[in-house]
1. Express in nm, to one decimal, how much length is gained between residue 81 and residue 158 on full extension, taking 0.36 nm for each residue of separation and deducting their alpha carbon distance.
2. Taking the Cβ-Cβ separation of residue 140 and residue 60 as r and a Förster radius of 22 Å, what is the calculated FRET efficiency to the nearest 0.05?
3. In nm, to one decimal, how far is the residue 147 label point from the residue 103 one, both placed 7 Å along Cα→Cβ?
């Protein structure tokens, strides 16, 4: 007996394989859960970026503050860099940064120092509020940054 096509057994086996593949979902994988720290990290990045911008503007407007502000500004920039490091188990990238509003320096040195102190204190308070929602590793980073921001506020508030 000469067969022109596949045997009935081959056709039934092929149909069975297709049916099993269709029912099992094949190789489709579920999307990984987004990192719950991403929104917290993004908010912290935005806040620290505003501080970096304020230090820059104040430093240009009041060059006499340069020696006092340079170490604080450098530390704040390092906080931004640390926050922008991708977390070890990140599955998606952080949200796009919010553009900082135009920052202006107060006209006096004392006013500029006070504005920086207020901004540092505000950001330090925000870090504390972010701790409860953050993972342990991000909470450690936020706590360290918040402590530094609080220290900067005290240093800037000291009478000169």
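What follows is calculated from the coordinates using simple rules that are stated; it is not laboratory data. Quick caveat, the model's predicted, so the values are computed rather than measured. Here Cβ is always computed from backbone atoms with ideal geometry, including for glycine, and neighbour counts include all displayed protein chains.
1. So the extension gain works out to 25.0 nm.
2. Step by step, r from the Cβ atoms, then E = 0.05.
3. Placing both labels 7 Å along Cα→Cβ, they lie 2.4 nm apart.
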